[in-house]
Amino acid sequence: MSDGANHKSLTSGAAVPAAFSSTAGDAPADTGLIRHIYVHIPFCARICPYCAFYKDLMDRSQTQRFCEAMLCELEESTSVFDVVPKTIYFGGGTPTALSTSQLEFLLGGFHQRLDLSALEEWTIEANPGSVSARKAALLCKLGVNRISLGVQSWDNALLKILGREHNAEQAEQSFHILREAGCSNINVDLMFGLPGQTVQQWQQILEKTVSLRPDHISAYCLTYEEDTEFFLRQSRGELKTNPDTDADFFDVGMSILEEAGYEHYEISNYARPGFSSVHNRVYWSGEDYLGVGPSAFSTVGMRRWQNLADYRAYADRTLLGQSPVAATEHLTTEMKRAERIALSLRTQAGISTMELQQFARETDEFIMLGLLRESNGKFLLTQKGKSLADSVAAAFV
């Protein structure tokens, strides 16, 4: 999980490139300018018990072929769409699980196939333990200007519960390696509401993070997702959630991070001034984007598709010139409106009062309960409302 985690599960709509139409069952529709790209690299050294994103254990015999397939898909997409990216986001999985030479091959292929003259932000997710000075230097050299480091916790006991392969010392060492390589925009990923975690532990983790002065901090509450080991353990009664304690964690996070000068610009995201994620804001505002790689979603206009969530089948199809698309969807205006409301409410920008005109009773009730406030033609979540953001949004969709 990382600061781009939400977008990997976002539904997304797009015209299917012509070569993909037979598998997807749809003819290509809108073609236009694509400014944002998400790239999914599913490889992990270890499978974390809480992660519901598509991932698989690293198989060194398959990774080079996989990289070739992704470049093949990218090339096919550029033959259909005008792709001039403003942002690129490599998520996973663990993109930095690839070797230095494979990263050089893959990123170099993006340089060869794309016009990067307008690129503002290129993010790569990295796990502590997969970061080296050589790899960090290469990423900076090839234009990656933002790293999202999956620390999750500075407490070794909690890291063990999460099934992470690194310890706190390795995580801090990785952070310093990235800084020394010249990376001036680092996000640190954290999780709270972990089994057995106390509010005092969370406070110490936050204070440790702030002392390193990362440019961005993502703080997510652990959720028990289907198809994960944690979900099964919860269903057996081995792990339990406590909404009241989770709210306490959330409040402590807001207090400490805002006091340290971080802007709380989205429910789970905090940034120093000028360092909010350009790419993540794309998803929250509903802009079009192209997804590359297994399980990746794409969105253009009123169309949506998702690639196969199987990296071997994805590579087989793509390298044979066949479609890697597993499913497509036609969006409706109402679906787009519901997504826009749910995502916009999570941000500091809020949602236009015009968008919620038909929900006058609900907005009045939330204002009375102190969960919403109205300002300059926008509805915004209050401090109290932020901890109940999903419940508030559900009333409008």
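Here, each number is a calculation from the coordinates, and none is a lab measurement. If you're wondering where the values come from, they're calculated on a predicted model, not measured in any experiment. Don't worry about glycine lacking a Cβ; one is built from the backbone with ideal geometry, like all the others, and counts go over all protein chains shown.
If amide H atoms are built 1.01 Å from N in the plane of the peptide, which residues on other chains or at least 5 residues away come under 5 Å of the amide H of LYS378?
THR353
Would you list, by chain and number, the aspartates and glutamates whose Cα falls below 14 Å from the Cα of LYS336, excluding same-chain residues fewer than 8 positions away?
GLU287, ASP288, GLU355
Would you calculate, for the chain, the mean residue ellipticity at 222 nm contributed by helices, counting each DSSP H stretch of 4 or more residues as -39,500 (n - 2.57) and dividing by all residues, to the nearest 500?
Value at 222 nm, helices only: -11500 deg cm²/dmol.
Using only the Cα atoms of the chain, what do you get for the radius of gyration and for Dmax, in Å?
Computed over the Cα atoms of the chain, radius of gyration and Dmax are 20.7, 60 Å.
Of PRO294, ALA342, SER352, which is farthest towards the positive pole of the range 248-397's charge dipole, taken about the Cα centre with +1 and -1 on the beta-carbons of Lys, Arg and Asp, Glu respectively?
The Cα lying farthest towards the positive end belongs to PRO294.
Cut-off under 22 Å on the C-alpha distance; same-chain residues fewer than 8 positions from LYS141 excluded. Which lysines are left, in chain and number order?
Straight-line reach from LYS141, under 22 Å: LYS86.
Based on a Kirkwood Rh over C-alpha pairs, give the Stokes-Einstein translational diffusion coefficient of the range 56-125 at 25 °C and viscosity 0.890 mPa s in µm²/s.
Numbers: Rh = 13.0 Å.
So the translational diffusion coefficient is about 189 µm²/s.
Once you list every other residue whose beta carbon is under 9 Å from the beta carbon of ALA168, what net charge do they have if Lys and Arg are +1 and Asp and Glu are -1?
-2
Measuring from label point to label point, each 7 Å out along Cα→Cβ, what is the LEU232 to ALA360 span in nm?
Distance between label points: 5.3 nm.
Which number comes out as Rg/Rh for the range 235-279 once both Rg and the Kirkwood Rh are worked out on C-alpha atoms?
1.17
Under 20 Å Cα to Cα from LYS55, which aspartates and glutamates show up? Leave out anything in the same chain fewer than 8 places away.
ASP3, GLU68, GLU73, GLU125, GLU165, ASP189, GLU225, GLU226, ASP227, GLU229, ASP310, ASP316
What's the extension gain from ALA313 to GLU334 if we count 0.36 nm per residue and subtract their Cα-Cα distance?
4.2 nm
Determine the gain in length on full extension of the stretch GLU169-LYS384; use 0.36 nm per residue of separation and subtract their C-alpha separation, reporting nm with one decimal.
Separation in residues times 0.36 nm, less the Cα-Cα distance, equals 73.9 nm.
Using just the C-alpha positions of the range 255-397 as equal point scatterers, what log10 of I(q)/I(0) does the Debye formula give at each q in 0.21 1/Å?
For the range 255-397, the Cα-only Debye profile gives -1.22.
Indicate, rounded to the nearest 5 percent, the antiparallel portion of the DSSP beta bridges found entirely in the chain.
Close to 45 percent.
Please give the contour-minus-distance gain from LEU142 to GLN348: 0.36 nm per residue of separation, less the Cα-Cα distance, rounded to one decimal in nm.
The span from LEU142 to GLN348 would gain 70.9 nm if fully extended.
LEU212 versus ALA247, label points 7 Å from Cα toward the beta carbon: distance in nm?
3.1
What residues qualify as long-range amide H neighbours of ASP56, i.e. H under 5 Å apart, gap of 5 or more or another chain, H built at 1.01 Å from N?
Under 5 Å from the amide H of ASP56 lie the amide H atoms of PHE43, CYS44, each far enough along the sequence or on another chain.
Could you pull out the longest piece of the chain with no exposed loop GluC sites (Glu not before Pro) in it, calling a site exposed if DSSP puts it outside H, G, I, E, B and it has at most 12 other Cβ atoms within 10 Å? Walk me through the numbers on the way to the answer.
Working: sites that count: GLU226, GLU238.
Longest gap between qualifying sites, sites excluded: 1-225.
Tabulate in residue order the Karplus-calculated ³J(HN,Hα) for the range 55-71, using 6.51 cos²θ - 1.76 cosθ + 1.60 with θ = phi - 60°, rounded to whole Hz; enter x for Gly and Pro.
My calculation for the range 55-71 gives 8, 7, 5, 4, 10, 4, 6, 10, 5, 5, 4, 4, 4, 4, 5, 5, 5 Hz in order.
How large is log10 of I(q)/I(0) for the range 86-219 at q = 0.12, 0.16, 0.19, 0.21 Å⁻¹ when the intensity is taken from the Debye formula with one equal scatterer per alpha-carbon?
Rounded to two decimals, the profile gives -0.47, -0.79, -1.05, -1.23.
So what is the relative contact order of the range 138-281, in percent, for Cα pairs below 8 Å that sit 6 or more residues apart?
Details: 168 pairs, mean separation 32.7, N = 144.
Normalised by residue count, the contact order of the range 138-281 is 23 percent.
Starting from one equal scatterer on each C-alpha and no solvent at all, send me the Debye-based log10 I(q)/I(0) for the range 136-176 at q = 0.16, 0.23, 0.24 Å⁻¹, two decimals.
Debye curve over Cα of the range 136-176, log10 I(q)/I(0) at q = 0.16, 0.23, 0.24 Å⁻¹: -0.48, -0.75, -0.78.
Which whole-percent values make up P(r) of the range 141-224 when all C-alpha to C-alpha distances are grouped in 10 Å steps starting at zero?
Over the range 141-224, the share of Cα pairs per 10 Å bin runs 17, 52, 25, 6, 0 percent.
Could you check the simple spin-label distance between ASP59 and THR198, using points 7 Å along Cα→Cβ, in nm with one decimal?
According to this spin-label approximation, the distance is 4.6 nm.
Please get the size of the charge dipole for the chain, origin at its Cα centre, with Cβ charges of +1 on Lys and Arg and -1 on Asp and Glu, quoted in debye to the nearest 20.
Dipole size: approximately 480 debye.
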